[in-house]
Amino acid sequence: MTVTSPNSTRIVLVHGLFMGRHAMRYLEKQLAAAGFDVECFAYNTVTGNLESAASRLAQVLNSDTRPVALVGHSLGGLVALKAAQLCVAAPLSAVVLLGSPYQGAAAARVLRKLTGGKRSRIGRALTDWALLKSKPLAPAPVFTLSGTRSLGLGRIVCGFKEPNDGTVSVAETYYPGATSAIHPVSHTGMLFSTPVANQVKAWLLASAK
């Protein structure tokens, strides 16, 4: 049963590249069952740019003055970090990055070359992130979760030598000063993993105290 109140922390989920709201449904249900007021933010992951996606997300965040936490998967985590800089009306309590390539994605760089450098073919926002001179830092505690089950296109195009989730390597998810965890899940599989959901839920509950 979902328990919400006007003072409960909001959770905004942000999906990753080539995905939509439906990809976050399992995590949404798990967090709602813990008493959080959860919503999913959708954006154009292919041709939409990073600035516009972050601006639209910031509008959602600023529409309510309650504390808010952001949970982003892959590209969604990068959009969340960019939007966090524009969050002025609501206090940002926490940010969770699930397999987000904060340090850049080797798989995206390889695919960009294979597609003739067309930004929109592998996600314009992801390319925009790679071009940033300095990466955004959230004004709130950050938790990163990385996977080590190598199942995905990145494994084929990159031939990762280091631990990875099949799309992003563990090293690429490094965020300075973050609390971090590693699970034996793939890049997409982490969205449907009960142990992952439980750890995210526990961390958000602790950060909300």
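Every number in this text was worked out from the coordinates using simple rules, so none of it is lab data. What you see is a predicted model, and the numbers here were worked out from it, not measured in a lab. All Cβ positions, glycine included, derive from the backbone under ideal geometry; neighbour counts span all protein chains shown.
What per residue convex hull volume, in Å³, comes out for the chain when only alpha-carbon positions are used?
Once divided by residue count, the hull of the chain is 102 Å³.
Count the DSSP beta bridges whose two residues both fall in the stretch 10-207, then state the antiparallel fraction as a percent rounded to the nearest 5. List each step's numbers first, then the result.
Numbers: 1 of 26 bridges.
Antiparallel bridges: around 5 percent, rounded to the nearest 5.
How high is the relative contact order of the chain, given as a whole-number percent (alpha carbon pairs under 8 Å, six or more residues apart)?
Contact order relative to length: 20 percent.
Just grab the label-to-label distance for residue 44 and residue 85, each label 7 Å out from Cα along the Cβ direction, in nm (one decimal).
Modelled inter-label distance: 2.2 nm.
How much mean residue ellipticity at 222 nm does the chain get from its helices, if each DSSP H run of length 4 or more adds -39500 (n - 2.57) and you divide by all residues, to the nearest 500 deg cm²/dmol?
-9500 deg cm²/dmol
For the chain, what is the number of Lys pairs with C-alpha distance below 30 angstrom, counting only pairs 8 or more positions apart or on separate chains?
21
Determine, for each peptide in 194-207, 76-89, the mean count of other beta carbons within 10 angstrom over its residues, then list the peptides with the highest first. Kindly include the intermediate steps, with their values, before the conclusion.
On the way: 194-207: 16.2, 76-89: 22.9.
So the order, starting with the most tightly packed, is 76-89, 194-207.
Rounded to the nearest 10 degrees, what's the angle between the helix 50-61 long axis and the longest principal axis of the chain, both from Cα atoms, 0 to 90?
Taking the Cα atoms of the chain, the angle to 50-61 is about 10 degrees.
Positive end of the charge dipole of the stretch 10-207 (Lys, Arg +1 and Asp, Glu -1 on Cβ, about the Cα centre): tell me which of 170, 86, 27 has its Cα farthest that way.
Farthest towards the positive pole: 170.
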